[in-house]
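Take a look at the structure below.
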């Protein structure tokens, strides 16, 4: 009787989730944009917040729903007013 050939087990393919990035908008009651940001795998990332007149008010990064890194606050004309470093 011939010897049986050894067959290596099939390798399972690693299942990787693609990072789906969506841009989300939040609106004031009057319909103007209040916030705009990116959501990756269900978590918020970079966000910008706006006044009712459309001028940027604040921007920064979120990690697991908490502010991280530098957050920039803008004055009523859209110029940088202050930069706040969030504690880790």
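Computed quantities for the displayed model
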| read-out | value |
| --- | --- |
| Pair list, Cβ under 7 Å, 6 or more apart: region 76-88 residue on the phi > 0 side of the Ramachandran plot and modelled with pLDDT of 95 or more, other residue surrounded by 10 or more Cβ atoms within 10 Å (Cβ to Cβ) and not in a loop (DSSP other than H, G, I, E, B) | 78/56 |
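Conditions (1) in contact with a helix residue (DSSP H, G or I) (Cβ under 9 Å, 6 or more places away or on another chain); (2) at pLDDT 95 or above; (3) more than 20 Å from residue 21 (Cα to Cα); (4) assigned to a strand (DSSP E or B), marked per residue:
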residue: 38; (1), (2), (3), (4): no, no, no, yes
residue: 48; (1), (2), (3), (4): no, yes, no, yes
residue: 58; (1), (2), (3), (4): no, yes, yes, yes
residue: 62; (1), (2), (3), (4): no, no, no, yes
residue: 67; (1), (2), (3), (4): no, no, no, yes
residue: 72; (1), (2), (3), (4): no, yes, yes, yes
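The values are calculated or read from the model by the stated rules, or taken from the named source; none is laboratory data. Remember, it's a predicted structure, so these values are computed and weren't measured experimentally. Positions of Cβ are backbone-derived with ideal geometry, glycine not excepted, and every protein chain shown enters the neighbour counts.
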